[in-house]
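Asks: Take this structure first; my questions come after.
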Amino acid sequence: MTTLLDINDLCIGFSAYGQHRRVLHNVSMYVDQGERVSLIGQSGSGKTVTMRTIIGTLPMPPGRIEQGSIQYDGQSLLDLNPQARNRLKGTGISIVLQDPMLSFNPVLTIGRQMDDVVRYSDIRLGQSRSKAERQLHLIETLRKVRLEEGKRVLDSYPIMLSGGMRQRVLIAMALLNKPRLLIADEPGTALDVTTQDDILALLNTLVAEEGLSLLLITHNLGVVRKMADRVYVMERGRIVEEGSRDAIFDAPQHPYTRKLMDAVPPLYGEKVRTVTHDSTKPVVEIKGVTKDFETRSGLLNRTTGRFRAVSNVALTVDQGDIFGVAGESGSGKTTLAKLILGLMQPTRGQIMLEGRDVATFAGTRDFRKMIQIVYQNPGSSLNPRRAVGDQLAVPLTFTGEDKHTIPGRVSGLLDLVELPKSYASMYPHELSGGQKQRVAIARALSVNPRILVLDEPTSALDVLVQATVVDLLHRLRREFDLTYIFISHDLSLMRNFCNRVAVMLRGEVVEAGPVTQIFDEPQHAYTRALLSAIPVISDEEDAQKPKVSKEERAEVLATNTALEG
Amino acid sequence: MIVYLCRRAATLFLVLLGLAILIFIIARIVPGDPARIALGPLATSEQVTELRAEMGLDEPFHVQLWTYLSGLAQGDLGKSLLTSRPVMDDIVAALPATFELVLFTIVLQVSLSIPLGVLAAVYRNTWVDNLTRVISLIGVVTPGFVLAIILQLVAAHYLGFFPVTGRIDPGVGFSADVTGLLIVDGLLAGRFDVVGDAVRHLFLPSIALAAAGIGQVMRITRTAMIEVASRDFVEASRAYGIPERVVTFRYMLRVAAVAPLTILGLEFASLIGNAFIVEFVFSWPGIASYGVRTILQKDLNAVIGVVLVSGVFFVVANLMIDLLLGILDPRHRLRTRRSS
């Protein structure tokens, strides 16, 4: 096999405000023709810098290549003149970025954006094709990613497509100029697990069909196991381990790799931690709740359509439960959380918290002291311009805490979430993601609530950090006898964190029960489809996943090639 | 789209109706008797009563309002005490001059501020960025009338590059009869000397008027461009090999233009407001000079007329900006609104 990409002893530093910091240390790696290579690492490990250096989009300055070389197909990329370098963009090496929504220009049609890619590469390569020829080429490429309605896709704006379709179009964009090396940055991680599964399968097929080499950059070990022939593990700018996929997964050598493996919540097998809890004292009773949204349009702004976000949901959460609400985007799980928190009123039905109706109870001081929420992204749920201590003091002031006791309470809260007291004077941007989420948890706990709604509290965090936050949540629950309502699309995490689970599909609860029952004997086809799509990290787990037939799958999953809007 | 236009037109009508009523009420509340002012201190109280009756000021308030609004519906704004002519005629005569000035100012603002903002963003933290920052700061902090006087003194009086006051040289001998805009009418008549002279006259007042807006919009464009530059699609476009020039102007600027355009729409209101001073300094025969004179004379009908006209300006300008944003950004058009 010939080597297509060969990175040798690459060191990259960043200079800003007179300070210099090295972010890549002597990185060496290679990708053979037709090979699928994965680069694993947490955020900040240097994966993205590596990717940008290969493509040639690393901003320099502040970036600086200090030493090393990158050979692509026998040419030294770092020594090429700018024109020759540009000629390779999209045609030699191409990329698929992580977020299919953000990777498109929102104000131009898909067709315009795809056409630009072809047109300018034609100009660079001195070819000329007519607009009609180019359009044919676009439609043909869209067919490669299994999008049949090419013409309609081309005339759409990005927001008119579903997430899965956008991801497909994005892959088509990268394939337009028939590159030899495709770099994919976390493909599909911004999508639902079933859609992600489809996308990964598609990538694998394309690599084989088109004879591509694939460099996959990800933090998700399950994805790596599905997608890679060979793996590099990166930690703080250094390659700490490399090897074939099987070698890495069966016998990880480096402690960091082992730590990463251990932090992944297992779906099946003996490592699974089952949380049990027995209580028959209901604290949250959801009685036949339906929530409709109205679509308005026309001259007089009349109601022209109705969208049912939550449909006749009945659930009971008992004292001390960790109750998981699982579902993909659009399943209504967040709407349900908002209803429980009294932020919205149900169209029909009733929600009782400790026997009191939320409809009348919400908005009172007692209500706020009973139930609180921790949001998904601590980066945006914390106020960037307020010091941590001030943010923790806000809910205390509103629930009538004495001014003089507040500083003491604030340091008590920081203690509770295992942060040093000195952090009270720090601002959110000075903290890491995990620390920010701890502050958000402390803020929710400040009024001594009995129920916490956790809306994907760890999905913005790296897997190692996720593990520590989960431990913290377990400890807090024991200490304060809390009840959690945990909203997530991450079923592996749910398996190890919750004692009861409800699965939502298009606003309805299709299945609910103890975790062991839902995971070991899933009844509904949708639950099985979800479970079977989760990328796991061992063959044993793969073997224990429930089976779902193609017909069942097609029936329960909204087809992700349908046009929206 | 048509539904949207109809709805916007209906809102426009309601806003103007509200404005008309409000300004009418304010005009009636302010102390001082218009009839007394018009007749002067020597007039007898009989004469004042007579004029009040003639002007309808002795009628109950709601009758006055109704008379006023029904007149308004027919394009009748009443008579000006200052010029003794219908206010409508005065406005029609004065409006084109202001319209030309404001339009020229907006063109100047757009064509200077947006490219300079883009330039500052592309070369950020270099001398280019610093230079535009200084220019914009000077533009924002210098009051329009100070700048007007400085320009008049330096560029017109000492250097003689531009005329000091007026709209056109009396020697040119041309009257704009078709649209009232000298540049347009000059072009229509093939009189390029007229166009040149009009532009020379327009230049200084426009700069005085545009300066603050240029500084502001330039900074906003820069910030918006820098924000957009960090989005994924910019990196993706570069990686797919789309030339930098196209990435900047087609991909980034179209997304970034939303904020500066919105500000430019609001800028329209302050342009008319600032034009009061600038027109005064440059003896520009526009509606703003007319407004100043009528306010000082407490010529209520005329004041209401001027306020209504600037209201129409503002509302229409913002409607146009909204339509432009709809063209630029499909999300404005495609968004279906949901409510609970």
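The values are calculated or read from the model by the stated rules, or taken from the named source; none is laboratory data. Predicted, not measured: the structure shown is a model, and the values here were computed from it. Cβ coordinates were reconstructed from backbone atoms using ideal geometry, including for glycine residues, and neighbour counts include every protein chain displayed.
Asks: If you go through the stretch A:130-148 one residue at a time, do you hit one that is hydrophobic (A, V, I, L, M, F, W, C), at the interface with chain B (Cβ under 10 Å from one of its Cβ atoms) and either loosely packed, with under 14 Cβ neighbours inside 10 Å or in contact (Cβ under 8 Å) with a residue 60 or more places away in the chain (or both)? Explain how you work it out, then say what you get.
Replies: Looking only at the stretch A:130-148, we keep the residues that are hydrophobic (A, V, I, L, M, F, W, C), and these are A:132, A:136, A:138-139, A:142, A:145, A:147.
When the remaining residues are screened for being at the interface with chain B (Cβ under 10 Å from one of its Cβ atoms), the result is none.
There is no residue in the stretch A:130-148 that is hydrophobic (A, V, I, L, M, F, W, C), at the interface with chain B (Cβ under 10 Å from one of its Cβ atoms) and either loosely packed, with under 14 Cβ neighbours inside 10 Å or in contact (Cβ under 8 Å) with a residue 60 or more places away in the chain (or both).
Asks: Let me ask you something else. Do any residues in the stretch A:502-531 that are in the same structural domain as A:Thr194 (by TED's automatic domain parsing) have Cβ atoms under 6 Å from those of residues that are assigned to a helix (DSSP H, G or I) and surrounded by fewer than 23 Cβ atoms within 10 Å (Cβ to Cβ), where the two are at least six apart or on different chains, and which pairs are they?
Replies: The qualifying pairs do not exist here.
Asks: Taking the stretch A:15-68 on its own, how many of its residues are in contact with a Gly (Cβ under 7 Å, 6 or more places away or on another chain) and part of a strand (DSSP E or B)?
Replies: Number of matching residues: 8.
Asks: Restricting to the stretch B:241-252, what's the tally of residues that are of a type outside the set (Val, Ile, Thr), facing another protein chain (nearest Cβ under 10 Å) and out of contact with any Asp or Glu (no Cβ under 8 Å at 6 or more places or on another chain)? If you could, list the steps in order and put the result at the bottom.
Replies: Residues of the stretch B:241-252 of a type outside the set (Val, Ile, Thr): B:241, B:243-245, B:249-252.
In the following step, the residues that additionally are facing another protein chain (nearest Cβ under 10 Å) were identified as B:241, B:243-244, B:250-252.
From the residues that got through so far, the ones that are out of contact with any Asp or Glu (no Cβ under 8 Å at 6 or more places or on another chain) too are B:241, B:243-244, B:251-252.
Here the count works out to 5.
Asks: Among the residues in the stretch B:186-206, are any of a type in the set (Lys, Arg), surrounded by fewer than 21 Cβ atoms within 10 Å (Cβ to Cβ) and more than 14 Å from chain A (Cβ to nearest Cβ)?
Replies: yes
Asks: State all residues of the stretch A:398-432 that are within 16 Å of A:Pro449 (Cβ to Cβ), part of a helix (DSSP H, G or I) and either among the polar types (S, T, N, Q) or over 30 Å from the mean Cα position of the chain (by Cα) (or both); if no residue qualifies, say none.
Replies: Applying the first criterion (within 16 Å of A:Pro449 (Cβ to Cβ)) to the stretch A:398-432 yields A:398-401, A:409, A:412-413, A:416-417.
Still in the list and also part of a helix (DSSP H, G or I): A:398, A:409, A:412-413, A:416.
Those that are within 16 Å of A:Pro449 (Cβ to Cβ), part of a helix (DSSP H, G or I) and either among the polar types (S, T, N, Q) or over 30 Å from the mean Cα position of the chain (by Cα) (or both): A:Phe398, A:Arg409, A:Gly412.
Asks: Now for a different question. Taking the options B:Gln64, B:Gln47, name whichever one is of a type in the set (S, T, N, Q), touching a Phe, Trp or Tyr at 6+ places or on another chain (Cβ under 9 Å), away from chain A (no Cβ under 14 Å) and more than 28 Å from B:Ile321 (Cα to Cα).
Replies: Details: B:Gln47 fails: touching a Phe, Trp or Tyr at 6+ places or on another chain (Cβ under 9 Å).
Testing whether each residue is of a type in the set (S, T, N, Q), touching a Phe, Trp or Tyr at 6+ places or on another chain (Cβ under 9 Å), away from chain A (no Cβ under 14 Å) and more than 28 Å from B:Ile321 (Cα to Cα) leaves just B:Gln64.
Asks: Would you say A:Gly111 is small (Gly, Ala, Ser) and either in contact with a Leu (Cβ under 8 Å, 6 or more places away or on another chain) or facing chain B (nearest Cβ under 8 Å) (or both)? Give the steps one after another, and end with the answer.
Replies: Values: small (Gly, Ala, Ser): yes; either in contact with a Leu (Cβ under 8 Å, 6 or more places away or on another chain) or facing chain B (nearest Cβ under 8 Å) (or both): yes.
Here the answer is yes, as A:Gly111 does meet what is asked.
Asks: Sticking with this structure for a sec: Taking A:Leu80, is it over 30 Å from the mean Cα position of the chain (by Cα), closer than 22 Å to A:Leu58 by Cα, more than 7 Å from chain B (Cβ to nearest Cβ) and surrounded by 19 or more Cβ atoms within 10 Å (Cβ to Cβ)?
Replies: Numbers: over 30 Å from the mean Cα position of the chain (by Cα): yes; closer than 22 Å to A:Leu58 by Cα: yes; more than 7 Å from chain B (Cβ to nearest Cβ): yes; surrounded by 19 or more Cβ atoms within 10 Å (Cβ to Cβ): no.
No: the conditions fail for A:Leu80.
Asks: State all residues of the stretch A:9-57 that are out of contact with any helix residue (DSSP H, G or I) (no Cβ under 9 Å at 6 or more places or on another chain), among the polar types (S, T, N, Q) and either under 14 Å from A:Met234 (Cα atoms) or surrounded by 15 or more Cβ atoms within 10 Å (Cβ to Cβ) (or both); if no residue qualifies, say none.
Replies: Correct list: A:Asn26, A:Ser28, A:Gln33, A:Ser45, A:Thr48, A:Thr50.
Asks: Then there is this: Assuming B:Arg238 fulfils every condition listed in (1) buried (at least 23 other Cβ atoms within 10 Å of the Cβ); (2) at the interface with chain A (Cβ under 8 Å from one of its Cβ atoms) apart from one, which condition is it?
Replies: That leaves (1) as the condition not met.
Asks: Does A:Arg168 meet the test of being farther than 20 Å from A:Leu10 by Cβ and surrounded by fewer than 19 Cβ atoms within 10 Å (Cβ to Cβ)? Show your work before the answer.
Replies: Details: farther than 20 Å from A:Leu10 by Cβ: yes; surrounded by fewer than 19 Cβ atoms within 10 Å (Cβ to Cβ): no.
Criteria not met by A:Arg168.
Asks: Give me the helices (runs of 4 or more DSSP H) completely within the stretch B:1-100, filtered to those with at least 1 residues that are modelled with pLDDT of 80 or more and closer than 21 Å to B:Gly291 by Cα, ordered by residue number. Step through it out loud before you land on a result.
Replies: Details: elements: B:2-29, B:34-39, B:45-55, B:61-73.
Hits in the stretch B:1-100: B:2-29, B:61-73.
Asks: How about the stretch B:219-244: which of its residues are in contact with a Phe, Trp or Tyr (Cβ under 6 Å, 6 or more places away or on another chain) and touching a residue at least 12 places away in the same chain (Cβ under 8 Å)?
Replies: Those that are in contact with a Phe, Trp or Tyr (Cβ under 6 Å, 6 or more places away or on another chain) and touching a residue at least 12 places away in the same chain (Cβ under 8 Å): B:Phe233, B:Ser237.
Asks: With modelled with pLDDT under 85 and crowded, with 18+ Cβ neighbours inside 10 Å as the only criterion, which of A:Tyr268, A:Tyr256 stands out? If you could, list the steps in order and put the result at the bottom.
Replies: Details: A:Tyr256 fails: modelled with pLDDT under 85.
It is A:Tyr268.
Asks: Can you name the number of the only condition in (1) buried (at least 17 other Cβ atoms within 10 Å of the Cβ); (2) assigned by TED's automatic domain parsing to the domain that holds A:Leu452 that A:Val223 fails?
Replies: Result: A:Val223 fails condition (2) only.
Asks: If a residue must be surrounded by fewer than 17 Cβ atoms within 10 Å (Cβ to Cβ) and in a strand (DSSP E or B), how many such residues does the stretch A:227-239 contain?
Replies: 1
Asks: Condition first: within 19 Å of A:Cys11 (Cα to Cα) and in contact (Cβ under 8 Å) with a residue 24 or more places away in the chain. Now tell me which residues in the stretch A:65-84 satisfy that.
Replies: Within the stretch A:65-84, A:Ile65, A:Glu66, A:Gln67, A:Gly68, A:Ser69, A:Ile70, A:Gln71, A:Tyr72 qualify.
Asks: Would you pick out the residues in the stretch A:74-111 that are closer than 21 Å to A:Leu215 by Cα and β-branched (Val, Ile, Thr)?
Replies: Answer for the stretch A:74-111, where residues must be closer than 21 Å to A:Leu215 by Cα and β-branched (Val, Ile, Thr): A:Thr91, A:Ile93, A:Ile95, A:Val96.
Asks: Something else: Exactly one condition in (1) assigned to a helix (DSSP H, G or I); (2) without any contact (Cβ under 8 Å) to a residue 60 or more places away in the chain is not met by A:Leu461; state its number.
Replies: If we test A:Leu461 against (1) assigned to a helix (DSSP H, G or I); (2) without any contact (Cβ under 8 Å) to a residue 60 or more places away in the chain, just (1) comes out false.
Asks: Taking the stretch A:85-107 only, how many residues are free of Cβ contacts under 8 Å to residues at least 60 places away in the same chain and surrounded by fewer than 20 Cβ atoms within 10 Å (Cβ to Cβ)?
Replies: 4
Asks: Can you go through A:Val207, A:Val153 and tell me which one is touching a residue at least 24 places away in the same chain (Cβ under 8 Å) and surrounded by 23 or more Cβ atoms within 10 Å (Cβ to Cβ)? Write out each step before concluding.
Replies: Working: A:Val207 fails: surrounded by 23 or more Cβ atoms within 10 Å (Cβ to Cβ).
Result: A:Val153 is the single residue among A:Val207, A:Val153 that is touching a residue at least 24 places away in the same chain (Cβ under 8 Å) and surrounded by 23 or more Cβ atoms within 10 Å (Cβ to Cβ).
Asks: While we're on this one: Can you tell me which residue in the stretch B:282-302 is nearest to B:Ala211 (Cα to Cα), limited to those that are surrounded by 21 or more Cβ atoms within 10 Å (Cβ to Cβ) and of a type in the set (A, V, I, L, M)?
Replies: The qualifying residue nearest to B:Ala211 (Cα to Cα) is B:Ala288.
Asks: Quick one: how many residues across the stretch A:331-363 are within 22 Å of A:Val510 (Cα to Cα), in a loop (DSSP other than H, G, I, E, B) and polar (S, T, N, Q)?
Replies: Start the filter on the stretch A:331-363 by keeping residues that are within 22 Å of A:Val510 (Cα to Cα), which leaves A:331-340, A:346-352.
From what is left, the residues that are in a loop (DSSP other than H, G, I, E, B) are A:331-332, A:346-347.
Imposing the further condition that a residue be polar (S, T, N, Q) reduces the set to A:331, A:347.
Residues that pass the stated criteria total 2.
Asks: Now, a different point. Of all residues in the stretch A:92-105, count the ones that are facing chain B (nearest Cβ under 7 Å) and out of contact with any strand residue (DSSP E or B) (no Cβ under 7 Å at 6 or more places or on another chain).
Replies: 5
Asks: I would also like to ask the following. Inspect all residues belonging to the stretch B:103-116 and state whether any of them is surrounded by fewer than 18 Cβ atoms within 10 Å (Cβ to Cβ), assigned to a helix (DSSP H, G or I) and touching a Gly at 6+ places or on another chain (Cβ under 7 Å).
Replies: No, there is no match, as no residue in the stretch B:103-116 is surrounded by fewer than 18 Cβ atoms within 10 Å (Cβ to Cβ), assigned to a helix (DSSP H, G or I) and touching a Gly at 6+ places or on another chain (Cβ under 7 Å).
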